[in-house]
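Okay, so here's the structure we're looking at.
The values are calculated or read from the model by the stated rules, or taken from the named source; none is laboratory data. Keep in mind it's a predicted model, so treat the numbers as computed, not measured. Here the Cβ positions follow ideal geometry from the backbone for every residue, glycine too, while neighbour counts run over all protein chains shown. These accessible areas exclude ligands, DNA and RNA; they are computed on the full protein's heavy atoms, side chains included. Shrake-Rupley method; radii C 1.70, N 1.55, O 1.52, S 1.80 Å.
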Amino acid sequence: MAVPLPPPRLLPSGDSAVTVEFSRTIDDDANQRVLALDKALAASPIDGITETVPTYRSLLVHYDPGKIGFDALGEKLLPIAIQPPPPVTKARRWRIPVAYGGEHGIDLEDVAKALDTTPDDIVARHAGGDYKVAMIGFTPGWSYLSGLDKSLHMSRRQSPRLLTPAGTISIGGVQAGIQCLAAPSGWHLLGRTPVRTYQLHRNPTFLTEPGDRVTFFAIHHKEFEELDRAAEAGEIVAEQVIA
Amino acid sequence: MSRLVVASIGPASSVQDGGRHGAQRYGLTVSGAMDRLSLAAANTLVGNAPFAAAVEIGPFGAVFTARDGAVRVAISGAPRNADVAGSPVAMDNSVTLKDGETLTLGFARGGAFTYLAIEGTIKGEPVFGSLAVNARAGLGSPYPRPLQAGDEFSVDAASGAPELRIELPKPVSGPIRVLLGPQDDEFDDANKALFLDSEWKISATSDRMGYRLEGPAIKHLHGHNIVSDGTVNGSIQVPGNGAPIALMMDRGTSGGYPKIATVITADVGRLAQTSAGTAFRFKAVSVAEAQDEAKKFAQLIRNLPDRLRTADSVALNIEALSDANVAGYAVSAVDAGTWQVTAEP
């Protein structure tokens with residue numbers, strides 16, 4: 001029998017949501033517990049819960065206070081939340097093509113300079129990583145990845161850019177990311193992928209799920225144009241590897 | 001099918017409904033009406049479900065024209081002058097526009113958003129069950145953007161039902177109620193007190209994503225970065241400059257600034273309707289009190305049909321006047337245009 005772990009903090013987020021907080025820092029064990037609680041609630045729903053939003057370190061549980069109160073919900077959540085997460089056996093794995101540098105990765109040279117190495121070396125380190133989708137947020141499909149090589153950790157840009165392109169592949173702090181829509185960003189832009197993690201009239205609309213694994217591979221800019229056209233027509237263009 | 005044509009409209013007007021739920025985990029913004037009670041009241045007046053899609057009209061004026069038949073509409077929310085072909089239309093009333101007739105709405109007099117519901121509701125292609133416009137994500141139907149002059153809606157022909165008014169409870173006044181947290185421990189007692197004891201104003205740079213609050217700077221205990229976590233409608237985050245931002249319907253689904261407090265569900269619409277520059281305060285309540293208010297608010301919306309009354313009109317009041325002798329109603333005859341039945345059976 002698995003030994004229960006310390007209970008998370010239950011923080012009221014207004015009258016219709018509770019933040020189940022496992023950690024205050026980015027921590028893979030905490031993220032594993034977040035995703036395990038999320039999965040457990042999907043498998044055995046608690047009446048009154050309307051929607052859950054997993055993040056790095058907490059699960060936001062939206063609920064209807066007309067159906068269940070804060071205390072009663074907490075009493076139901078805690079026994080599930082203190083169970084050690086089951087080992088991950090079957091994560092979906094995506095191989096994501098990236099056109100690094102040049103117009104698609106305007107910060108690659110600067111990142112290389114700041115880390116006293118070459119752009120090729122940065123690409124090798126970034127594409128060599130094994131990442132997990134820790135959470136999705138900010139804009140549709142924006143996938144926050146954990147697992148960035150420690151040698152690539154660097155603080156965000158001094159001033160954020162007001163608009164960065166759809167498909168931007170970037171790093172910021174200890175995180176890596178796949179950005180789907182054009183958006184403001186203070187992260188460092190390494191490249192661009194033709195993959196749409198969100199595409200409205202495609203099935204599935206959202207490609208990535210929290211808990212999925214991701215690796216990147218470099219493609220030529222010319223290849224980007226071809227894949228981008230295919231993606232625009234509704235193809236997924238990421239390779240799925242079944243573990 | 002009739003058409004309702006947008007003859008002119010100010011910025012910050014769009015189609016909104018109860019919002020897009022179920023995909024916040026993928027970063028999909030909820031959107032939906034800034035003032036859910038007013039949306040529900042307008043919809044109830046024309047027989048729609050409370051959170052059906054309607055036109056959310058920003059602080060500026062708007063003009064709508066019926067084409068190819070009559071169109072029945074209703075208005076609720078921020079008060080403004082309204083008329084059809086020169087005859088005044090009261091707020092919280094339905095009115096039928098005959099083919100070719102025009103409804104003219106003036107600027108909001110207090111408040112920010114007025115809702116125009118259309119009998120039979122707005123037709124469109126829902127995404128995740130919603131027509132709500134989220135301009136940033138290019139979502140919403142029939143126009144995935146703020147409305148412009150020349151836009152039009154295909155609508156059901158007016159049913160010819162009698163015009164109604166809705167008696168809403170007297171608006172709650174007093175402070176906007178909040179629950180502290182979820183990150184109130186990122187602030188010391190003095191700064192929490194500063195937040196709760198100060199007078200605030202909504203900045204003119206506010207929008208459907210967030211209301212920026214003008215007042216004293218709130219200082220953090222450990223800096224302004226937290227590891228991003230989930231947000232709700234009414235989350236009040238405090239960025240580095242110490243000026244709180246109340247997250248509204250077009251909020252991001254997660255955020256990385258500490259959230260000092262959360263506006264209670266029953267008061268999010270009140271905050272949304274607070275005009276830029278109007279001073280207000282916050283007041284902390286308990287979880288139990290906030291949930292009690294949320295339940296009352298949900299019940300108020302469920303029971304809106306019980307608050308419908310036959311609209312006051314000159315014709316009605318003449319009838320009421322003649323009935324007065326037998327039924328004993330009190331009738332005001334001060335102004336022929338605004339006669340009111342002041343007591344009901």
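Here are the numbers for this structure:
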quantity	calculated
Debye intensity ratio in log₁₀ form over the Cα atoms of chain A, taken at each q of 0.08, 0.14 Å⁻¹	-0.34, -0.94
Residues losing 30 Å² or more accessible surface upon assembly, the range A:136-159, compared with the chain by itself, 1.4 Å	A:I136, A:F138, A:P140
Rg to Rh quotient for the range B:1-136, alpha carbon positions, Kirkwood Rh	0.97
Å³ per residue enclosed by the Cα convex hull of the range B:249-303	132
Accessible surface of chain A [probe 1.4 Å, protein heavy atoms]: carbon and sulfur percent	55
Under-5 Å amide H pairs with A:A182, H placed in peptide plane, nonlocal only	A:A166
Over 25 Å [Cα-Cα, chain B], rounded percent	55
Cleavage-rule hits, chymotrypsin sites (Phe, Trp or Tyr not before Pro), the range B:188-219, DSSP coil, Cβ neighbours within 10 Å at most 12	none
Area accessible to solvent at A:E223, 1.4 Å probe radius, in Å²	80
Value at 222 nm in deg cm²/dmol, rounded to 500, when DSSP H runs of n ≥ 4 in the protein assembly as shown each add -39,500 (n - 2.57)	-6000 deg cm²/dmol
Rough spin-label spacing in nm, given labels placed 7 Å along Cα→Cβ, for A:R161 and B:T278	4.1
Positive-end extreme of charge dipole, chain B - chosen from B:A311, B:V285, B:A90 (charges on Cβ)	B:V285
Where labels lie 7 Å past Cα in the beta-carbon direction, separation of A:K67 and B:D197 in nm	4.2
Karplus 3J(HN,Hα) series, Hz, for the range B:249-265 with 6.51 cos²θ - 1.76 cosθ + 1.60 (x for Gly, Pro)	5, 8, 4, x, 6, 9, x, x, 10, x, 9, 6, 7, 9, 5, 5, 3
Between helix A:28-43 and chain A: long-axis angle, C-alpha atoms, 0 to 90°, nearest 10	60
Charge dipole (debye, nearest 20) of the protein assembly as shown; +1 at Cβ of Lys and Arg, -1 at Cβ of Asp and Glu	560
When each of A:K67/B:K296; B:K192/B:K259; B:K98/B:K170 is checked by Cα-Cα distance, pairs over 21 Å	B:K98/B:K170
Normalised convex hull volume, the protein assembly as shown, alpha-carbon set, Å³ per residue	166
Selection from B:F297, A:L162, B:S2, by position along the positive dipole direction of the protein assembly as shown (Cβ)	A:L162
Largest-first ordering by accessible area, 1.4 Å probe, given options B:T231, A:T89	A:T89, B:T231
